[in-house]
Amino acid sequence: MKKFMSCILAVIITAVLIPFGGLAPEAAQTKTIRIYSWNTEIQEKIESLYKAPAGVQLEFVIVPADGGAYQDRLDKDLKENPGQVDVFLIESDYAPKYVNSEYSLDLRSLGLTEQDTAQMYPYALQVGTSDNGILKALSWHALPSMFIYRKSIAEKVLGNSDPAFVQTRVNTWNNFNRVADMMKKSGYFMLSGYDDAYRTYTQTPATPMVDNNGRIIISDGMKKWVDDTKMYTDEGYNNKSNLWSDGMNWGFNGDGKVFGYFGPSWFINYVMSNGNAVGDWAVAVGPAPSFWGGYWLCVAKGSQNTAEAIGLIKQLCADQDNMYKIIEEFGDSVNNIAAMEAFGKTPYKSQVLGEQNPYGVYSQAAKRIDARYLSDYDWRLTEYFQRAMFDYFNGNVSKREALDNFYKEALDNYPELKR
């Protein structure tokens with residue numbers, strides 16, 4: 001996911017015990033909930049929000065995500081040490097691997113009610129639901145990707161920087177492309193680079209990347225991303241950068257000439273805030289809905305503390321007061337419609353976004369997301385597809401050669417699939 005969330009510890013931390021409830025350590029009834037994660041963000045949230053029953057303590061097992069170490073350790077303990085794991089975190093990119101496995105439990109059977117999830121965004125529930133319709137993971141996040149644009153450039157080129165006005169100019173891809181041409185003629189880039197808009201093209205409409213017969217699907221959204229990005233590159237509408245590159249970061253600064261980026265709240269708060277153009281940005285929903293990132297929590301098969309585990313997850317993900325606190329204390333956009341829309345009516349002003357309170361826009365965008373067709377293959381196939389197409393955008397290969405290269409890498413790594 002994002003770089004700020006990979007502030008990973010250099011060592012594995014185990015036995016990070018946080019007692020709750022004031023019970024003496026020697027008390028026989030003390031229970032320990034063991035929580036697996038790849039960084040300390042979940043620990044920070046829990047320390048701020050969780051009110052544990054008497055006699056409950058927490059142990060955080062934090063394993064670096066680099067090189068797949070977190071999933072390797074989690075998989076080993078889930079399979080070989082039943083009862084070792086109580087709660088574990090997963091990212092949206094690989095959520096299907098775990099929600100479709102036997103190692104995550106049905107949260108409804110543990111006491112999660114329809115009322116608990118009534119205010120959650122449908123897409124966040126879709127990510128946590130198995131292929132056979134069992135809800136197995138919850139998130140406190142709702143992370144829609146929106147179009148984040150530079151207000152000073154909007155004023156110069158469009159004559160108006162108000163989010164409602166800008167949305168009318170970028171609400172379809174045809175309109176978006178017209179503005180891109182205007183930006184080019186005025187000396188600006190519409191987007192920073194090749195992968196900026198990938199999710200926004202490819203997550204709408206939601207389609208499977210692999211069908212029921214194991215065939216890899218190149219969706220209409222993927223095709224349009226390729227054609228439009230090649231056009232943007234050839235016409236000079238983008239700055240030919242890649243995600244996390246210096247070229248991408250340049251656009252956040254005062255001398256940057258990039259009009260906009262696609263990203264969620266964490267991208268605004270933790271990435272764009274590192275530039276020196278803070279305050280010169282605003283958000284609009286953009287041409288299509290999409291999301292980027294997020295943490296989901298599962299209860300592990302074999303846990304001896306399922307009642308305490310589901311109680312913790314409810315407090316962190318389903319308590320509306322806590323959702324509101326997460327917005328106030330951490331600046332997240334959260335998986336609760338009522339909290340997001342209520343906060344959107346407060347006098348809050350984002351530091352990066354200047355005078356705008358973005359939470360109403362966040363909620364509007366999150367309601368439109370469709371995440372029905374995630375699969376175990378999506379994460380890696382997306383990497384292979386983007387990498388192959390970068391060579392095409394740079395003029396190193398033809399489109400046909402790029403597609404052949406994609407299929408070769410995909411089938412070399414997943415021989416059970418077919419083109």
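Among the numbered criteria (1) touching a residue at least 12 places away in the same chain (Cβ under 8 Å); (2) under 28 Å from Glu155 (Cβ atoms), which single criterion is violated by Asp255?
Status for Asp255: all satisfied but (1).
Restricting attention to the range 215-224, report how many residues are free of Cβ contacts under 8 Å to residues at least 40 places away in the same chain and either assigned to a helix (DSSP H, G or I) or more than 19 Å from Thr204 (Cα to Cα) (or both). Before the answer, list the steps.
Filtering the range 215-224 for residues free of Cβ contacts under 8 Å to residues at least 40 places away in the same chain gives 217, 219-221, 223.
From what is left, the residues that are either assigned to a helix (DSSP H, G or I) or more than 19 Å from Thr204 (Cα to Cα) (or both) are 220-221, 223.
Residues that pass the stated criteria total 3.
Out of Gly331, Gly275, I need the residue that is open to solvent by less than 20 Å² (accessible area, probe 1.4 Å) and either among the aromatic types (Phe, Trp, Tyr) or free of Cβ contacts under 8 Å to residues at least 60 places away in the same chain (or both). Which one?
On the way: Gly331 fails: either among the aromatic types (Phe, Trp, Tyr) or free of Cβ contacts under 8 Å to residues at least 60 places away in the same chain (or both).
After ruling out the rest, the residue left standing is Gly275.
Name the strands (runs of 3 or more DSSP E) wholly within the range 235-353 that hold at least 2 residues that are aromatic (Phe, Trp, Tyr) and modelled with pLDDT of 95 or more? Break it down into steps so the answer makes sense when it comes.
On the way: elements: 238-241, 258-263, 281-284, 295-299.
Per the criteria, 258-263, 295-299.
Starting from residues that are in contact (Cβ under 8 Å) with a residue 24 or more places away in the chain and of a type in the set (A, V, I, L, M, F, W, C), keep the ones in the range 373-401 and report whichever is farthest from Tyr194 (Cα to Cα).
Restricting attention to the range 373-401, the residues satisfying the condition of being in contact (Cβ under 8 Å) with a residue 24 or more places away in the chain are 373-382, 384-386, 389-390, 392-394, 399.
Now restrict to residues that are of a type in the set (A, V, I, L, M, F, W, C): 374, 379, 381, 385, 389-390, 393.
Values: Leu374: 23, Trp379: 17, Leu381: 17, Phe385: 12, Met389: 9, Phe390: 7, Phe393: 8 Å.
Checked the range 373-401; the qualifying residue farthest from Tyr194 (Cα to Cα) is Leu374.
In the range 374-397, is there at least one residue being closer than 30 Å to Gly279 by Cβ and outside any helix (DSSP H, G or I)? Working first, answer last.
First, the residues of the range 374-397 that are closer than 30 Å to Gly279 by Cβ: none.
The answer is no, given that none of the residues of the range 374-397 is closer than 30 Å to Gly279 by Cβ and outside any helix (DSSP H, G or I).
Could you count how many residues in the range 354-371 are out of contact with any Pro (no Cβ under 8 Å at 6 or more places or on another chain), assigned to a loop (DSSP other than H, G, I, E, B) and touching a residue at least 40 places away in the same chain (Cβ under 8 Å)?
Our first condition is that a residue be out of contact with any Pro (no Cβ under 8 Å at 6 or more places or on another chain); within the range 354-371, this holds for 354-355, 358-360, 363-364, 371.
Next, only the ones that are assigned to a loop (DSSP other than H, G, I, E, B) stay: 354-355, 358, 371.
From what's left, touching a residue at least 40 places away in the same chain (Cβ under 8 Å): 354, 358, 371.
Number of matching residues: 3.
Using beta carbons and a limit of 9 Å, which pairs, at least six apart or on different chains, have the first residue in the range 110-134 and free of Cβ contacts under 8 Å to residues at least 40 places away in the same chain and the second one polar (S, T, N, Q) and open to solvent by 50 Å² or more (accessible area, probe 1.4 Å)?
Ser130/Asn100; Asp131/Asn100; Asn132/Asn100; Ile134/Ser109
Do we have Val157 as among the β-branched types (Val, Ile, Thr) and in a loop (DSSP other than H, G, I, E, B) here? Even if it seems obvious, please write down each step before you answer.
Details: among the β-branched types (Val, Ile, Thr): yes; in a loop (DSSP other than H, G, I, E, B): no.
Spelling it out, it is not the case that Val157 is among the β-branched types (Val, Ile, Thr) and in a loop (DSSP other than H, G, I, E, B).
Conditions (1) open to solvent by less than 30 Å² (accessible area, probe 1.4 Å); (2) out of contact with any Phe, Trp or Tyr (no Cβ under 6 Å at 6 or more places or on another chain); (3) of a type outside the set (A, V, I, L, M, F, W, C), marked per residue:
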residue	(1), (2), (3)
Gln304	no, yes, yes
Ile313	yes, yes, no
Asn336	yes, yes, yes
Phe343	yes, no, no
Tyr348	no, yes, yes
Pro358	yes, yes, yes
Arg380	no, yes, yes
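So the check is Cβ under 7 Å with 6+ separation or different chains; which pairs have a first residue in the range 161-183 that's without any contact (Cβ under 8 Å) to a residue 60 or more places away in the chain and a second one that's open to solvent by 30 Å² or more (accessible area, probe 1.4 Å) and assigned to a loop (DSSP other than H, G, I, E, B)?
none
Out of all the residues in the range 144-158, which are under 15 Å from Pro358 (Cβ atoms) and either modelled with pLDDT under 95 or open to solvent by 20 Å² or more (accessible area, probe 1.4 Å) (or both)?
Lys151
The values are calculated or read from the model by the stated rules, or taken from the named source; none is laboratory data. Since we're looking at a predicted model, the values are computed, not measured. Cβ atoms come from the backbone with ideal geometry, glycine included; neighbour counts cover every protein chain shown. Note: areas computed on protein heavy atoms with side chains; ligands, DNA, RNA excluded. Shrake-Rupley method; radii C 1.70, N 1.55, O 1.52, S 1.80 Å.
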